[in-house]
1. Tell me, yes or no, whether the range 174-184 has at least one residue that is touching a residue at least 24 places away in the same chain (Cβ under 8 Å), assigned to a helix (DSSP H, G or I) and under 17 Å from the mean Cα position of the chain (by Cα).
2. Residues being in contact with a strand residue (DSSP E or B) (Cβ under 7 Å, 6 or more places away or on another chain) and more than 17 Å from Ala156 (Cβ to Cβ): count how many of those fall in the range 219-258.
3. Looking only at the range 201-246, filter to residues that are within 21 Å of the chain's Cα centre (by Cα), loosely packed, with under 13 Cβ neighbours inside 10 Å and charged (D, E, K, R); which one of those is nearest to Leu140 (Cα to Cα)?
4. Does the range 46-63 hold any residues that are out of contact with any Ser or Thr (no Cβ under 9 Å at 6 or more places or on another chain) and closer than 12 Å to Cys107 by Cα, and which are they?
5. Of all the residues that make up the range 235-258, how many are assigned to a helix (DSSP H, G or I) and not aliphatic (A, V, I, L, M)?
6. Any idea which residue in the range 152-174 is surrounded by the fewest Cβ atoms within 10 Å (Cβ to Cβ), counting only those that are of a type in the set (Val, Ile, Thr) and within 22 Å of Arg101 (Cβ to Cβ)?
7. Identify, by number, the condition in (1) touching a residue at least 12 places away in the same chain (Cβ under 8 Å); (2) surrounded by fewer than 21 Cβ atoms within 10 Å (Cβ to Cβ); (3) of a type outside the set (Asp, Glu) that Ala144 doesn't meet.
8. Please find, within the range 118-131, the residue that is nearest to Asp201 (Cα to Cα) out of those that are part of a helix (DSSP H, G or I) and touching a residue at least 12 places away in the same chain (Cβ under 8 Å).
Amino acid sequence: MSGVRAVLHTATLHKPHIATHPRQDFVDTNITGTLNLLEEAAAAGVGAFVFTSTTSAFGRALTPSPGGPAAWITEDVVPVPRNVYGVTKTAAENLCELFHRDLGLPCIILRTSRFFPEPDDRRETREAYDDANVKVNELLYRRADLQDVVSAHLLALEKAAAIGLGRYIISATTPFTREDLQELRTNAPGVVKLRAPAYADVYARRGWSIFPGIDRVYVNERARNDLGWRPEYDFARAIELLLGGEEPRSSLAQAVGSKGYHADVFDDGPYPVT
């Protein structure tokens, strides 16, 4: 890393690899791979280390108790990893924190929500909803556009030295408030009608629908405050674009498209689910 000023660490094994790769591969790539990069970055005096993590790190903390309100997910929520992906990404985050505290390496951790273009991994969702309907729905609470994910990374590079260590949720700005959480579990369409009423005509014309219940809401307030991040593609923007007959995704998201997780094509879904 001689002469390197900043590191963007996005390499990882993902949730879609759980059924196709052994746990040791996750440890080798997500933990040991991150450690290798951190060691070399610190030794070379790199000025900014940005680690792309995931909201999947929250794991079981994303699932509310039966009858309880939707989970309000901020950076203060303690992760309870659900699988080896979450375990290894959380461990890699902790390594970033260690290298900042012990060696002064400026580290920014970005917990990104969904921004992949692949169809949903759940068959019932794919059968019940048009794919674009699913993704616009998710902008309400658990998705970001690729362009906004990129802008968050660029801001993290710029602000890393001043911040030192930061962990941020990167997801589209939700229209929901804490007061909505109980009703979101059982009557999400009613809450959306209150918070974003312009959606109704667009959805009616397309035969779309809001999910009946929503179980969590990702909150990006800290990233907006600390990084100065201003995500452009939220639910309201998607509805505005659809009203104008336009694609609800950014031109960057459209141009990049799907890179795929596997070389193989699977019979049931974009990747096998355990």
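None of the figures in this text is laboratory data; all of them are computed from the coordinates on show. Bear in mind the structure is a predicted one, so any value in this text is a computation, not a measurement. For neighbour counting, all protein chains shown are included, and Cβ atoms are generated from backbone atoms with ideal geometry for every residue, glycine included.
1. No, the range 174-184 contains no residue that is touching a residue at least 24 places away in the same chain (Cβ under 8 Å), assigned to a helix (DSSP H, G or I) and under 17 Å from the mean Cα position of the chain (by Cα).
2. 1
3. Checked the range 201-246; the qualifying residue nearest to Leu140 (Cα to Cα) is Glu232.
4. Across the range 46-63, the qualifying residues are Val46, Gly47, Ala48, Phe49.
5. Matching residues across the range 235-258 total 5.
6. If we take residues in the range 152-174 being of a type in the set (Val, Ile, Thr) and within 22 Å of Arg101 (Cβ to Cβ), then Ile163 is surrounded by the fewest Cβ atoms within 10 Å (Cβ to Cβ).
7. For Ala144, the failing item is (2).
8. Asp131
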